[in-house]
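Below you'll find the structure, written out as structure tokens, and then a few comments.
The values are calculated or read from the model by the stated rules, or taken from the named source; none is laboratory data. What you see is a predicted model, and the numbers here were worked out from it, not measured in a lab. Here the Cβ is made from the backbone with ideal geometry for all residues, glycine too, and neighbour counts use every protein chain on show. For the accessible areas, the whole protein counts, side chains as well, though only heavy atoms, and no ligand, DNA or RNA atoms are used. Shrake-Rupley method; radii C 1.70, N 1.55, O 1.52, S 1.80 Å.
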Amino acid sequence: AKARGRNGYRLYAPEMSGEGVARLQLETYLRRSIEKNEIFLHYQPQVEIDTGRLIGVEALVRWNHPQLGLVPPFRFIPLAEDTGFINQLGQWVLQEACRQMVRWQQAGLDVPKIAVNLSVRQFERGTIVDVVGAILRETGLAPHRLQLEVTESLIMNTGDALAYINGLHAIGVSLAIDDFGTGYSSLAYLKQMPVQTLKIDRSFIKDISTDVNDEAIAIAIIQLGKSMNLSVIAEGVETDEQAAFLLRHGCNRAQGYLYGRPVPSDELLQRWQS
Ligand code: C2E
Ligand code: CA
Ligand code: CA
Ligand code: CA
């Protein structure tokens, strides 16, 4: 049984051996999740702070397993990355996100752009530019409507990152650096790469207005973005105070519970159509 150790450690003694089995089971379930229609997307709005206008959405993957229920991304994304399944999953996500954009257009909702997360392993096969290009052609989505979110660690750990990012830029999609400021990276890459957007990580936004270090970092990122002509969007904005702080310091784009949680496509439509 679980018990709190004296120092707050959780002791899993009798279940230790079960952990590995659980992982293997999860892996087996995950491998079949797409064909069993258990994977779907939620969409979170990105807004202009001063006007409240919708400027985009981020697609976030969800897995609903009949026995396990809703499995959170932090449990299955790393697993999908370890097993390589992320390539299939990532491709499914891209395809579904682009299809959804076309459906919203047909339903009369203008979503300016959709952001899709890419994982480092999706660059390993060297086919990412072709994969994205094929999906855009198949779905008919205009390339400038698609933004790909990559992390600093993806950029630093991918041998040919620059070539792929140039390739993606060349086919007309835009790129955002996700969780900006949390990665182990050199800023030099920013100068070389055709990225358009920096996403300030939620960890810096959380304690804005109480933590002077977080404030300083957020302000520095906003300034960096300005001086490099990049658009800057803050993640995890939950309060009016955070939004006011951002606006005051020259960041007019935000994503977070204050503006809307990730929701199914029809809910996004209902909420933003009028
Ligand atoms: P992320 O890309 O940084 O996505 C933002 C996460 O923050 C989402 O968690 C979102 O629900 C959450 N969030 C948004 N606004 C707020 C807020 O105001 N407060 C708080 N507390 N949280 C907020 P989610 O959906 O659980 O996704 C977690 C991570 O899983 C994502 O972090 C991303 O790294 C990964 N992920 C999700 N979908 C995909 C995908 O399709 N492909 C890949 N490779 N990774 C994905
Ligand atoms: Ca993201
Ligand atoms: Ca993020
Ligand atoms: Ca984050």
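Observations, loosely collected:
- Enumeration of residues in the range 253-274 that are polar (S, T, N, Q) and buried (at least 19 other Cβ atoms within 10 Å of the Cβ): Q255, S265
- Some residue of the range 249-267 being of a type in the set (A, V, I, L, M), more than 14 Å from ligand 4 (Cβ to nearest atom) and touching a residue at least 60 places away in the same chain (Cβ under 8 Å): yes
- Residue in the range 83-104 that is within 16 Å of ligand 2 (Cβ to nearest atom) and either within 18 Å of I155 (Cα to Cα) or in a loop (DSSP other than H, G, I, E, B) (or both) present: yes
- Test for V111: is it away from ligand 4 (no atom under 16 Å from the Cβ), within 20 Å of the chain's Cα centre (by Cα), over 18 Å from P73 (Cα atoms) and open to solvent by less than 10 Å² (accessible area, probe 1.4 Å): yes
- Of the residues making up the range 230-252, those that are away from ligand 3 (no atom under 16 Å from the Cβ) and part of a loop (DSSP other than H, G, I, E, B) are T239, H249, G250, N252.
- Close contacts from the range 195-217, counting a first residue that is of a type outside the set (G, A, S) and a second that is open to solvent by less than 10 Å² (accessible area, probe 1.4 Å) and in a loop (DSSP other than H, G, I, E, B), with Cβ to Cβ under 9 Å and a gap of 6+ residues or different chains, come to I200/C251; R202/V237; R202/G256; I205/V237; I205/G256; D214/I208; E215/I208.
- Yes/no for K199 being more than 19 Å from R125 (Cβ to Cβ) and within 16 Å of ligand 1 (Cβ to nearest atom): yes
- Residue match in the range 213-223 (condition: within 16 Å of ligand 2 (Cβ to nearest atom), closer than 14 Å to I177 by Cβ and part of a helix (DSSP H, G or I)): yes
- When D207, D240, D211, D201 are checked against the criterion of being out of contact with any Lys or Arg (no Cβ under 7 Å at 6 or more places or on another chain) and either among the polar types (S, T, N, Q) or open to solvent by 60 Å² or more (accessible area, probe 1.4 Å) (or both), a single residue qualifies: D240.
- Test: residue in the range 238-255 that is among the hydroxyl-bearing types (S, T, Y) and within 16 Å of ligand 2 (Cβ to nearest atom): no
- Condition check for I128 on (1) touching a residue at least 40 places away in the same chain (Cβ under 8 Å); (2) open to solvent by 40 Å² or more (accessible area, probe 1.4 Å); (3) of a type in the set (V, I, T): one failure, at (2).
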